[in-house]
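Heads up: the structure comes next, in structure tokens.
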Amino acid sequence: MHTYRIPQISRLARAAVIVSAALFGTALIAQTPAVGAKAPDFTLSTPTGRSVQMSKEMQGHGLVLVVLRGFPGYQCPFCVKQVHDFIDHASDFAAKNTRVVLVYPGPPGDLDDHAKDFLAKQAELPANIVLVTDPDYKVTNLYGLRWDAPHETAYPSTFVLDKKGMISFEKISHSHGDRLSAQDALDNLAAK
């Protein structure tokens with residue numbers, strides 16, 4: 001019986017692949033920015049096509065960034081409830097010189113239409129609240145929030161940013177209903 005010996009170079013190559021995967025594989029997956037970190041900037045569009053850049057929305061203001069589940073094949077009732085809550089508190093956010101950006105992710109096909117349907121069920125958005133769509137999961141991936149499972153889009157998350165764009169509070173939910181309330185966001189603005 002002949003025994004085949006793996007050449008030394010193959011073991012070295014295999015080790016190099018394992019080390020590369022360990023070093024670079026995790027670098028390819030975006031990490032969720034932590035409290036104290038600068039929030040990654042982005043530009044997305046509203047369902048009507050208006051371009052919104054987060055850093056420009058913030059100029060001179062605090063910001064609450066809410067990543068919704070968007071359209072995972074249906075309108076998420078927890079998203080509807082959370083958005084209503086933030087709309088109901090819009091004047092409280094305005095009093096604290098804070099804007100709210102709602103990110104609505106989903107497959108690109110009819111996402112703008114789904115977002116328009118979503119907004120049709122809401123009150124008129126106040127001037128300090130804007131909803132943008134995330135059709136290619138650009139922001140969802142940038143913030144490390146992609147919930148890549150059947151009928152999912154993003155982990156529902158809320159980030160409170162100070163006027164310099166630094167994250168002062170975050171809540172990342174790994175279930176549908178575990179959402180930050182508008183009052184909790186306001187309380188975290190007051191504490192800063």
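Considering only residues that are farther than 14 Å from Asp88 by Cβ and open to solvent by less than 40 Å² (accessible area, probe 1.4 Å), which ones fall in segment 180-189?
Leu180, Asn188, Leu189, listed by residue number.
For segment 144-169, name all the residues that are among the acidic types (Asp, Glu) and surrounded by 22 or more Cβ atoms within 10 Å (Cβ to Cβ).
Scanning segment 144-169 gives no hits.
Scan segment 124-143 for residues that are part of a loop (DSSP other than H, G, I, E, B), open to solvent by less than 50 Å² (accessible area, probe 1.4 Å) and closer than 23 Å to Ala182 by Cα and jot them down. Don't jump to the end; show me each part of the working.
The initial filter retains those residues of segment 124-143 that are part of a loop (DSSP other than H, G, I, E, B), namely 124-128, 135-137, 143.
Going one step further and asking which of them are open to solvent by less than 50 Å² (accessible area, probe 1.4 Å), we end up with 125-126, 128, 135, 137, 143.
Once the filter is applied, which keeps residues that are part of a loop (DSSP other than H, G, I, E, B), open to solvent by less than 50 Å² (accessible area, probe 1.4 Å) and closer than 23 Å to Ala182 by Cα, segment 124-143 yields Leu125, Pro126, Asn128, Tyr143.
Which one of these does Ser168 not meet: (1) within 20 Å of Asp88 (Cβ to Cβ); (2) outside any helix (DSSP H, G or I); (3) touching a residue at least 60 places away in the same chain (Cβ under 8 Å)?
So the condition that Ser168 fails would be (1).
So if I check each of Ala90, Ala95, which one is more than 21 Å from Ala34 (Cβ to Cβ) and without any contact (Cβ under 8 Å) to a residue 12 or more places away in the chain? Give the derivation first.
Details: Ala90 fails: without any contact (Cβ under 8 Å) to a residue 12 or more places away in the chain.
Result of the check over Ala90, Ala95: Ala95.
Residues in segment 102-117: is at least one hydroxyl-bearing (Ser, Thr, Tyr), open to solvent by 10 Å² or more (accessible area, probe 1.4 Å) and either modelled with pLDDT of 95 or more or part of a strand (DSSP E or B) (or both)? Walk me through it before giving the result.
Applying the first criterion (hydroxyl-bearing (Ser, Thr, Tyr)) to segment 102-117 yields 104.
From what's left, open to solvent by 10 Å² or more (accessible area, probe 1.4 Å): none.
Among the residues of segment 102-117, not one is hydroxyl-bearing (Ser, Thr, Tyr), open to solvent by 10 Å² or more (accessible area, probe 1.4 Å) and either modelled with pLDDT of 95 or more or part of a strand (DSSP E or B) (or both), which makes the answer no.
Checking Pro72 against (1) at pLDDT below 95; (2) out of contact with any helix residue (DSSP H, G or I) (no Cβ under 9 Å at 6 or more places or on another chain); (3) farther than 18 Å from Tyr155 by Cα; (4) open to solvent by less than 30 Å² (accessible area, probe 1.4 Å), which single condition isn't satisfied?
Of (1) at pLDDT below 95; (2) out of contact with any helix residue (DSSP H, G or I) (no Cβ under 9 Å at 6 or more places or on another chain); (3) farther than 18 Å from Tyr155 by Cα; (4) open to solvent by less than 30 Å² (accessible area, probe 1.4 Å), only one is false for Pro72: (3).
Does any residue of segment 34-41 turn out to be closer than 24 Å to Asp117 by Cβ, in contact with a strand residue (DSSP E or B) (Cβ under 8 Å, 6 or more places away or on another chain) and surrounded by 12 or more Cβ atoms within 10 Å (Cβ to Cβ)?
Residues of segment 34-41 that are closer than 24 Å to Asp117 by Cβ, as a first pass: none.
The answer is no; no qualifying residue exists.
Collect the residues in segment 128-159 that are more than 16 Å from the chain's Cα centre (by Cα) and touching a residue at least 12 places away in the same chain (Cβ under 8 Å), keeping them in residue-number order.
Asn128, His151
The values are calculated or read from the model by the stated rules, or taken from the named source; none is laboratory data. Predicted, not measured: the structure shown is a model, and the values here were computed from it. A quick note on method: Cβ atoms are made from the backbone with ideal geometry, for glycine too, and the neighbour counts reach across all protein chains shown. Protein only, heavy atoms only, side chains kept; ligands, DNA and RNA dropped before computing areas. Shrake-Rupley method; radii C 1.70, N 1.55, O 1.52, S 1.80 Å.
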